[in-house]
Every structure is written in structure tokens, then in C-alpha cells.
Amino acid sequence: MDRQQLQPLQGMTDLTAPEIALWQTLEEKARRLLDLYGFEEIRTPVLERTDVFTHSLGETTDVVSKEMYSFHDQGGREICLRPEGTAGVVRHVAGGGPEALESRLFYIGPMFRAEKPQAGRKRQFHQVGVEIFGPANPYADAECIALQAHLLAEWGLADCAVHVNTRGLPEDQKPVTDGLRDALRPHMNELCEDCRRRFDVNVLRTLDCKQPGCRTLVEALPEITSFMGEAARRHFGKVRDLLGPMGVTASVQPRLVRGFDYYIHTVWEITHTALGAQDALSGGGRYVIDFGKKAVEGVGFAIGMERIVAVLTAAGTAPAAHARPHGVWIISLGEEAVRENMVLARQLREKGVKCGMDLGMRGMKAQMRAANRSGAPWAVIRGADELAKSVCVLKDMKTGDQAELALTDLLTRLTAAG
Ligand code: AMP
């Protein structure tokens, strides 16, 4: 294999030490906080039937029409790598009993989109996401937004901007799309090719089109709430009223619609200035997905972990995340000592002492260098002499002092040092 073949696929990354320690810290903090809010973890498969997404996200969305890693397996089934987390969770809930429709679930894991890789855009990226099923009302929406702000603050990101809007009820959809088409029709020639193509099938997408011509047109459009009925506006007003007292400052962004078809009512996005062009840290909203058995309504969000790591790293405010250093490094001189020290290492680890040892039968000097590199405050040395006397040499790596100890005393001493 040449050098390039040893790299992961373009847009994908091996996550390793030392950065992985930050990921673990963030995940731990998320697990702890989500538990306080009563969420349980769900791990859905990374591979799903493609129609789980085409049916819920919508055929004409960018993710489904351009970015899915979709293929036929050996049995001829059309399957794909999940591009997002909500649809799989809803598939699970739709197939479950009534208690599933009252659940609070979270997931942490990789998502896949065949996008053009660039800063902030990967082909495999990771999301922490939550879904709240149960009462379909503005209180759940507000709690979900506030939870998300709480989680970001736990991670050291209190300085985010929260943008909210509403997609209205399903019955508002036609007046909204008709209203947008009427307003855009006289300017058809000024729309980009994508938006002209999507005009009849998904005119909402024009609202978040990045082309300068489309953006100018969109700025002049009426707010989509002006096409909605009273019920949608009331729901949205209530969400906004609830957020302030919970310490969330949210600004209404009238063009925010989010990329998937399943959204209804409240949608939101959280951004951070340190991210540049791809400034969205996370997004969420209320949704309805109907896989045929029963329509499932929920509210949730997904946070892009690569972007969280990028912001924290850029700001230099990443929570301290150091791998725990070794407590002991064991040095073995000769094969018999290696065998006996493997037993000793097992005993120490059973007692919660982190220890390492060299399995390469190297000389004393090389093993001592490894002991120094490990950062362990203690080294244990055993060779044929020590084995014959049933003792070990315990060396204080800082002072260089060393003493012979009986094996049982050694275990007591190191366990206490922990
Ligand atoms: P979405 O599922 O599109 O609503 O995205 C939710 C969040 O996931 C975004 O705000 C980003 O933080 C993150 N995200 C989405 N797509 C990517 C990507 N291609 N690369 C990295 N992060 C992404």
C-alpha cells in the first residue's frame, strides 16, 4: 500500500489521542446532563434501509438527492449509511409499544453524507442528538431548546447564538409554499438552476439557498409566518415566551426553515462566530414522521461534535481532558519474570491500579526508558534474583530511591498509592 492508501477516505478522519480525550470528556458531560433530564441512550444501526430516509427527510432535500451513501447489498436490498439520527430513532419508536411514544432518547454516533469536504464539512461526522416523544406542545419545544443551550454551556460554550423560527402546521404548508411561489414567480430568471428546478417540488429550499442572487430575492420575501394560520403563530409565540425565563436568548430568524421535510412548528439553529462559513453548531425542531403504521411526532436536536471540538480548540477553552497516567510501570528481566509480572499486572488492575509493562523482552535500559515515558511514579522491577527470593524492587521514579519488598507488601503499598 502506498502512503495515500494508509489514509482514511477523503472527508473522514481517524480520531485518536490526544484529541480523543476531549471527545470522551464531552461525551461524558453529555451523558451526565442528559441523565439529569431523564434521557436514555439508543444505538440504532449505522446501516438502514434507504427508504427510512427518503420517506422522512424528503426525496428532494439535498441530503437525500445528492449526499446519501446508498447502495444495493448482496441481497439486492437498497440500504444506506445513515445521514442523520432522527429517522432511525423514529423508525424504532414507530415499531414499539405505547411507552416508546412517551420516551426521551439520546444518541451519540457517526453520520455520513457525501458532501464536498471542506472546513467544517466532513463525509463522516459525529452527532450528539436527542428526541423527546410525548406531549406535542410548545413546552416540550422550549425544554428541548433550553436543554441544548444548557449542554453547550456545560461544554464551555455559553456564547452561542440561538435562532428560532416556525414551519407551521402541516395544513400551513400549502399556503406557505403557494405564497412563496407567488412572490418568487416574477423573478424565476434570477433564481439559480437548483432553485428553478425545485420551484414546483420544494420551494422552501430557496430560503436557505446560498447563491447570492437567490439570497437577495429571499431577503425581499414576506416572512413565512404571514402565510400561516393562528394556531401555528400561537404555538411559536408560546415557545418564545417560555425561553426567556429559562435563560435562553433566542432571536427570530424568519427565513430559517432547516433542510429536512419532516419539520413542523418550531425549528432552530445554534451558531458560533468562531466557525466562519459553516457556523452552525447544531440544529433542531419539532417533526412528524409517518412510516405507515402510525405517525410519530417528536422534537429534538443534533449537535455536530467536530464543530464543537473546533470551536473549543480555537478558543483554547477545551475542558481539561488528560488521559490518566499510569500508576506503575513493571519491568521484567527474563521470560520467567514476564510470565510472573503478567499475573502481578492483572492483580494490580483488578485493584484499580493502572499499570503497563513491556512484552518485548527488551533490556533493562529500554524498559526503564519506557517507564519514564509512561509518567508512572513507580516502577516495579523483577528478574531471576527477585523471583527466587519472592520479592520485587520498587523504584520511586522521582527520587530514584529503590527498595526490596515482599510481593504482598508491594500490592498493599501500590493499591494505596492507586
Ligand atoms: P443537520 O443534521 O443537517 O441538521 O446538522 C446538525 C449539525 O450537524 C450541524 O449543525 C453541524 O454541526 C453538523 N453537521 C452537519 N453536516 C455536517 C458535516 N458534513 N460535517 C460536519 N458536521 C456536520
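Largest GNM mean-square fluctuation across GLU59, GLU190, GLU404, computed for the chain with C-alpha springs under 10 Å, falls on GLU404.
Count Lys and Arg as plus one, Asp and Glu as minus one, and take only other residues whose Cβ is under 13 Å from that of LEU405; the net charge is then -1.
Suppose every Lys and Arg Cβ carries +1 and every Asp and Glu Cβ carries -1, with no other charges. What dipole size does the range 307-418 come out with about its Cα centre, to the nearest 20 debye? Walk me through the numbers before you get to the answer.
Details: 16 positive and 11 negative charges, 113 e Å.
Charge dipole of the range 307-418: 540 debye, to the nearest 20.
The range 262-341 and the range 96-119 have their alpha-carbon centroids 12 Å apart.
Candidate cross-link partners of LYS116 among the aspartates and glutamates, defined by an alpha-carbon separation under 13 Å and a same-chain spacing of 8 or more, comprise ASP62, GLU67. When the chain is treated as a Gaussian network with alpha carbon springs shorter than 10 Å, the biggest mean-square fluctuation among ASN137, ASN202, ASN372 belongs to ASN372. Most simply put, the chain has about 80% antiparallel DSSP beta bridges, counting only bridges with both residues inside it.
Under the Kirkwood approximation for Rh and a Cα-based Rg, what ratio Rg/Rh is obtained for the chain? Ratio of gyration radius to Kirkwood radius for the chain: 1.12. Charges on Cβ only, +1 for Lys and Arg, -1 for Asp and Glu, centred on the Cα centroid of the chain; of LEU105, VAL162, GLN74, which one is farthest towards the dipole's positive end? Of LEU105, VAL162, GLN74, it is GLN74.
If the only charges are +1 at each Lys and Arg Cβ and -1 at each Asp and Glu Cβ, what is the size of the charge dipole of the range 59-140 around the Cα centre, to the nearest 20 debye? Working shown, then result.
On the way: 10 positive and 10 negative charges, 77 e Å.
For this selection, approximately 360 debye.
Here the accessible area is traced with a 1.4 Å probe on the protein chains. For the range 328-417, carbon and sulfur cover 52 percent of it. Charges were assigned to the Cβ only: +1 to each Lys and Arg, -1 to each Asp and Glu. The resulting dipole of the range 311-374 about its Cα centre is roughly 160 debye. Pop a pseudo-label 7 angstrom from the Cα along the beta-carbon direction at both THR408 and THR273 and give the gap in nm to one decimal. If labels sit at THR408 and THR273, their model points lie 6.7 nm apart.
Placing pseudo-labels 7 Å out from each Cα toward the beta carbon at LYS293 and ASP14 gives an inter-label distance of 4.1 nm. Filter LYS66/LYS174; LYS351/LYS398; LYS210/LYS293; LYS174/LYS293 down to the pairs with a C-alpha to C-alpha distance above 32 Å, please. Violating the 32 Å limit, Cα to Cα: LYS210/LYS293.
Which loop GluC sites (Glu not before Pro) in the range 219-265, with loop taken from DSSP, have no more than 14 other Cβ atoms within 10 angstrom of their Cβ? Walk me through the intermediate numbers first.
On the way: sites: GLU219, GLU223, GLU230; in loops: GLU223.
Passing both the DSSP loop test and the Cβ count: GLU223.
Stretch LYS389-GLU115 to full length: gain in nm at 0.36 nm per residue minus the Cα-Cα span? Working shown, then result.
Values: separation 274, 0.36 × 274 = 98.64 nm, distance 6.52 nm.
Net length gain for the segment: 92.1 nm.
Note on GLU335/MET246: beta-carbon distance plugged into 1/(1 + (r/R0)^6) with R0 of 56 Å gives a FRET efficiency of 0.30.
The values are calculated or read from the model by the stated rules, or taken from the named source; none is laboratory data. Values in this document were obtained by computation on a predicted structure and should not be read as measured data. Quick reminder, even Gly has a Cβ in these numbers, built from the backbone with ideal geometry, and neighbours come from all protein chains shown. Protein only, heavy atoms only, side chains kept; ligands, DNA and RNA dropped before computing areas. Shrake-Rupley method; radii C 1.70, N 1.55, O 1.52, S 1.80 Å.
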